[in-house]
Amino acid sequence: MEYDTNNWIRDGVYYYPHLFGGIMLTAALLGLSTSYFGGISVPSLPYFLHDVGIFRKKKRGKKRIRVYMDGCFDLMHYGHANALRQAKALGDELVVGVVSDEEIIANKGPPVLSLEERLILVSGLKWVDEVISNAPYDINEEFMNRLFNEHKIDYIIHGDDPCLLPDGTDAYALAKKAGRYKQIKRTEGVSSTDIVGRILASVKDMKVCEAHEGSSLHGEPDNTNNNRGEGSHAKGGHISHFLPTSRRIVQFSNGGKGPCPNARVVYIDGAFDLFHAGHVEILKSARQLGDFLLVGIHSDQTVSEQRGLHHPIMHLHERSLSVLACRYADEVIMGAPWEVTKDMITTFNISLVVRGTVAESNLFLNGKADQYEVPKSMGIFQMLESPKSITTTSVAQRIVANHEIYVQRNAKKEASEKKYYAERKYVSGD
Ligand SMILES: *[C@@H]1O[C@H](CO)[C@@H](O)[C@H](O)[C@H]1NC(C)=O
C-alpha cells in the first residue's frame, strides 16, 4: 500500500499525504462529492453507509462542518479514540492528521509503531472520515493555511493540555485568533506513557520471577498464591487510573443497534490486548464474511490463565473500548467464555466462528479442550488468513528492545504526568 506517493481511498476513509499540490485537490473534491452522498460509491462497505448514511441525508443541503485533529497515535489507545470521538461531535466530518515517523523521531524519539501501522489504527476508528498522513509535529502557519484552504477545515481541535511550539508560543494562537479553534477534554486515566510503563513493569516482574523461581520467560500462571490483576500492575507502580463508566461504553457503542433481521452474524474472540493494526485487519476480514460482527473479549482471568501472570497489559474494560471504537466491530461480549458453546451460538444466532492464523501463542493450554470444538463439529468454523503478522507480544518486544530509550523518555513524561494529575481540577464535558 502506498501511503506516501499517492492519494488513496480505504474503507471510505480518504487519504492524502501532506506536501502535495494538484493531486491532493482532486482527491479532496472526490472525497467531498462521494461522502456527500453517504458513501454510495463504496457499495462493498455497507457498514460505512450504515454508519453515516441516515445522518448525512438529514444534513443534505447544509454546509458540512469539517474539523481537524492531529497526533502521533503511537500505541494508540481508547484515550486517543475518545479524543477523536469528541472532535467528531464538534462537526460533521473528521479529518485526522497522523505525524510522520521522521517528525516523531526528531521530536521525541523513535515511535513504537510505524506510520503504516498508525494509519491503519486511526482509519479503523469509526469516527474518522479522512486521514492526512505525514502531518507536521508542530502545527505551523503554512500547514494551518493549507488545512483551511485546501482541506476546507472549519475548526482545528486540540485537547485541553497546552501545546507550545519550540519557541514557547502557543501552537494554536493563529487558529484561536481566527476563531477556528475548539477544545476538547483530555481523557483521564490512560496515556501511551502509562502503557509503556505497564509493559516495562511486566517485563521487570518477569525477570524477578525468573531469578526467584527459575521459571520460563513468561512466568507460570500461579493461581495458588496470587491476587493477580491488581497484583501485576501494582508491583510496577502502574495502577490504571481509568475508571470505566457506563456512559463511556454507551458513547463507544453503536447506539444499541443489534443485527438486522436475517443478518449473518460472525463471531471472533480473543484478548485484543494492546489493540494494534493486526487486530484492525483481522476484524475487517471477519466483518466482510457477514453482516454483523460480534467480538468476544476474554476476561482478565482467562487471558492470564492462558498467557501468564503478566497478561493482559490492558484490563477488560480498556480492551473492550478499543474494540468498540473499531468500525468493523458491531458488538462486543465483555468477558466472553474461553470455549465457544452451543448456548452462545444459539443465543446470538452465530452463523460463523472465525479465528486468525496469526495468534498469540497460548502457553498453558496443555490438556485443555479445543475452545472451538463445538463450532467445528457444527461445520461453522473457519480459519482466516491474518493480513498482518504483528501481535501483542511483538509490540511489547519492540518496546523492550528499545528499553533504554523508552525508560528515559518515560521517566521524563511520567514526572510531568504526575504533576498533571496532582494539579488537575474538574473540567466539565465528556
Ligand atoms: C439467523 O441467522 C441466519 C443467517 O445465518 C438468518 O438467515 C436467520 O434469519 C437468523 N435468524 C433470525 C431470527 O434473525
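Observations on the model:
- Taken about its Cα centre, region 248-392 carries a charge dipole of roughly 320 debye when the Cβ of each Lys and Arg holds +1 and the Cβ of each Asp and Glu holds -1.
- If the chain linking residue 404 and residue 301 were pulled fully straight, counting 0.36 nm for each residue of separation and taking away their Cα-Cα distance, it would gain 34.0 nm.
- A simple rule links phi to the HN-Hα coupling: the Karplus curve 6.51 cos²θ - 1.76 cosθ + 1.60 with θ = phi - 60°, which for region 337-352 gives x, 5, 8, 7, 8, 4, 4, 4, 4, 6, 4, 9, 6, 6, 8, 8 Hz, with x for Gly and Pro.
- In this structure, the residue pairs whose Cα-Cα separation is over 26 Å, taken from 63/126; 152/185; 152/182; 108/204; 284/412; 88/176, are 284/412.
- Full extension of the chain between residue 339 and residue 170 yields a length gain of 55.5 nm, computed as 0.36 nm times the residue separation minus the alpha carbon distance.
- Vicinal HN-Hα couplings computed from phi for region 191-199 (Karplus, 6.51 cos²θ - 1.76 cosθ + 1.60; Hz; Gly/Pro x): 7, 4, 4, 4, 5, 4, x, 4, 5
- Relative packing of peptides 371-382, 90-101 - highest average C-beta neighbours within 10 Å first: 90-101, 371-382
- Average projected area [Cα convex hull, region 248-392], square nanometres: 8.3 nm²
- Listed values for region 139-150 are Karplus-derived 3J(HN,Hα) couplings in whole Hz (6.51 cos²θ - 1.76 cosθ + 1.60, θ = phi - 60°), namely 6, 9, 5, 4, 5, 4, 5, 4, 4, 5, 8, 8, and x replaces Gly and Pro.
- Summed side-chain charge close to residue 320 - residues other than residue 320 whose Cβ falls under 13 Å, Lys, Arg +1, Asp, Glu -1: -3
Bear in mind these aren't lab numbers, they're just calculated from the coordinates by the rules spelled out. These figures come from a predicted structure and were not determined experimentally. Quick reminder, even Gly has a Cβ in these numbers, built from the backbone with ideal geometry, and neighbours come from all protein chains shown.
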